[in-house]
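The values are calculated or read from the model by the stated rules, or taken from the named source; none is laboratory data. If you're wondering where the values come from, they're calculated on a predicted model, not measured in any experiment. Cβ: placed from backbone, ideal geometry, glycine included. Neighbour counts: every protein chain shown. Ligands, DNA and RNA are excluded from the accessible area calculation, which covers all protein heavy atoms including side chains. Shrake-Rupley method; radii C 1.70, N 1.55, O 1.52, S 1.80 Å.
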Amino acid sequence: MAKDKIVAVTACPTGIAHTYMAAEKLEKAGKKLGVKVIVETNGSIGVENKLKSKDIEEAVAVIIGADARVEMKRFNGKPLKEVSVSQAIKNAETLVQDALDGKFDTYKAK
């Protein structure tokens, strides 16, 4: 598994601004830290840039920045961190660094 890809989902039930702000912050943090961050957005207009299974498989970790329901089963067995969308905006760089440092717990689908 290459250490050059992280996948993320940002979701906000009430609007699109926070969804896209979080996505942008995570992508910028990834660039700064030398890792590609691929973000699926899920705002009031629905899911955009849906993550491909290949990207999930290749990713070193998963970041969920969401205040809305996210389809989680597809991340089974991946290191994953789930935070609110506002936390993803405020702490994007820390989240990406923690993902790279292996600080996330492995997600087990229920």
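Checked against (1) without any contact (Cβ under 8 Å) to a residue 12 or more places away in the chain; (2) in contact with a helix residue (DSSP H, G or I) (Cβ under 9 Å, 6 or more places away or on another chain); (3) not aromatic (F, W, Y), D67 passes all but condition (1). Within region 93-110, residues that are open to solvent by less than 80 Å² (accessible area, probe 1.4 Å) have Cβ atoms under 7 Å from residues that are aromatic (F, W, Y) in these pairs: D98/F104; Y107/F75, counting only partners at least 6 apart in sequence or on another chain.
Among the listed residues V83, V96, V60, V70, identify the single one that is modelled with pLDDT under 95 and either closer than 22 Å to M21 by Cβ or not aromatic (F, W, Y) (or both).
V70
When E40 is tested against the conditions (1) within 23 Å of K3 (Cα to Cα); (2) touching an Asp or Glu at 6+ places or on another chain (Cβ under 9 Å); (3) in a helix (DSSP H, G or I); (4) not basic (K, R), the lone failure is (3). Within region 27-42, the residues that satisfy the criterion of being over 16 Å from E58 (Cα atoms) and either under 11 Å from the mean Cα position of the chain (by Cα) or among the hydrophobic types (A, V, I, L, M, F, W, C) (or both) are E27, A29, L33, T41.
Filtering region 1-13 to residues that are surrounded by 14 or more Cβ atoms within 10 Å (Cβ to Cβ) and outside any strand (DSSP E or B) leaves C12, P13. The number of residues in region 57-69 being open to solvent by 40 Å² or more (accessible area, probe 1.4 Å) and not in a loop (DSSP other than H, G, I, E, B) comes to 2.
Within region 70-92, which residues are without any contact (Cβ under 8 Å) to a residue 60 or more places away in the chain, open to solvent by less than 80 Å² (accessible area, probe 1.4 Å), within 14 Å of A11 (Cα to Cα) and in a loop (DSSP other than H, G, I, E, B)? Scanning region 70-92 gives M72, S84. Return the residue satisfying two criteria in turn: it lies in region 14-56 and is touching a strand residue (DSSP E or B) at 6+ places or on another chain (Cβ under 6 Å) and basic (K, R), and of such residues it is surrounded by the fewest Cβ atoms within 10 Å (Cβ to Cβ). Here the residue is K50.
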